[in-house]
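Please read the structure below before turning to the comments.
Where a number appears in this text, it was derived from the coordinates with a stated rule and is not lab data. Being a predicted model, the structure only gives us computed values, none of them experimental. Please note: Cβ atoms are built from the backbone with ideal geometry, for glycine as well, and neighbour counts cover all protein chains shown.
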Amino acid sequence: MADMSVKIAGVAFSNPVIAASGVFGFGREYARMYPLEKLGGISCKGTTLEPREGNPAPRIAETPCGMLNSVGLQNPGVDAFIRDSLPWLRKQGTVIISNIAGKTVEDMCEVAEKLSDTDVDMIELNISCPNVKEGGVAFGTTCSGAAEATAQVRKHCKKPLIVKLSPNVTDITEIARAVEAEGADALSLINTLTGMRIDVNTRRPILRNNTGGLSGAAVFPIAVRMVWQVYNTVKLPIIGMGGIYSGRDAAEMMLAGAAAVQVGAAVITNPYAPVQIASELEQYLDGHGIAAASELTGGVQPW
Ligand code: SIN
């Protein structure tokens, strides 16, 4: 049997398949279906300093081979997360990543500081949410914004720091470089691509926020391309995500350069997806005589 364990920024994962932030809440609903220790890790819903109700509905729209969301970072706030979810999450036997966001850099620093005094394993700095008016992707689309957010949060963050990058940029490698220079320990990519649907009868956008973030199978080739480009630019470990639905997709993302993967949209239609993907990945490794999942990372042989 192949060794499924991977290590990212000094943190050991039992396998490289992580439930992505947003689709998995804080894990409780899924724990009724399977033990969460089957997952490599959980990236919790983006958490802010104050509670947020998120955007008005409708905030989900179907698209061919994917979906648009404009949730708007609905979450109970960092204090409630630490008090109500973290003690339970800690007992689930998997790596706990706290995804954090904020209206301002100061907000994100304060959230990082509060979490640094807890036993979360890693912090994932979300500078790439396209659905909020203040903060979010505004930090992640310029090198200076991404660098400044990373540098400031780094000063307050005592945990391994992952920075989650936006694909809504001209050159993602420049952003990756800027973030690496300011002390990130790892990168995760890609967050969603900004999209829009319109109801042709009412002439209204389907999403109340007008636009939303596209995820799902439609974005997979873009995510693979960006992970490959970033892998060839920086030395940081990469967590790849965007449209992963199968063990073969996970293998492809790792061959592009990812050390681990996150599974997002697939969970919406199949809550068992991350567990099935981990099992399919193991079968793929065994079938190809590959001794360890980590051997896949960056293994593509470009023409
Ligand atoms: C949201 O809550 O709007 C989605 C989060 C994200 O795209 O980072």
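What to note about this one:
- Under the Karplus curve 6.51 cos²θ - 1.76 cosθ + 1.60, θ = phi - 60°, whole-Hz ³J(HN,Hα) for the stretch 119-132, x wherever Gly or Pro sits: 9, 4, 7, 8, 10, 10, 7, 8, 10, 9, 6, x, 10, 10
- For the stretch 1-93: rounded, prolate or oblate by the Cα gyration tensor [a/c cutoff 1.5]: oblate
- Other-chain or far-sequence residues with amide H under 5 Å of Met241's (modelled H): Leu189, Ile190, Gln262
- Cleavage-rule hits, GluC sites (Glu not before Pro), the stretch 12-115, DSSP coil, Cβ neighbours within 10 Å at most 15: Glu53
- Estimated FRET transfer efficiency (Met1, Thr211; beta-carbon r; R0 41 Å; 0.05): 0.35
- R0 of 35 Å, Cβ-Cβ distance Lys133-Asn270: FRET efficiency to nearest 0.05: 0.60
- Remark: His288, His156 ranked as His288, His156, counting other beta-carbon atoms within 10 Å and listing the fewest first.
- Relative contact order of the stretch 1-89, taken over Cα pairs closer than 8 Å and 6 or more residues apart, is 23 percent.
- Within the stretch 1-98, the trypsin sites (Lys or Arg not before Pro) that combine a DSSP coil assignment with at most 16 other C-beta atoms in a 10 angstrom radius are Arg32, Lys91.
- Entries of Lys45/Lys164; Lys38/Lys155; Lys91/Lys114; Lys103/Lys164; Lys38/Lys235 with Cα pairs more than 22 Å apart: Lys38/Lys155; Lys38/Lys235
- Relative contact order computed over the stretch 74-199 (Cα-Cα under 8 Å; 6+ residues apart), in percent: 23
- Mean projection area, nm², convex hull over Cα of the stretch 121-216: 7.1
- Percentage relative contact order, the chain, counting C-alpha pairs under 8 Å, at least six apart: 20
- Take the Cα of Asn201, step 7 Å toward its Cβ, do the same at Ile290, and the gap between the two points is 4.7 nm.
- Computed from the alpha carbon positions, the gyration tensor of the stretch 162-303 leads to an equivalent ellipsoid with semi-axes of 28, 21, 12 Å, biggest first.
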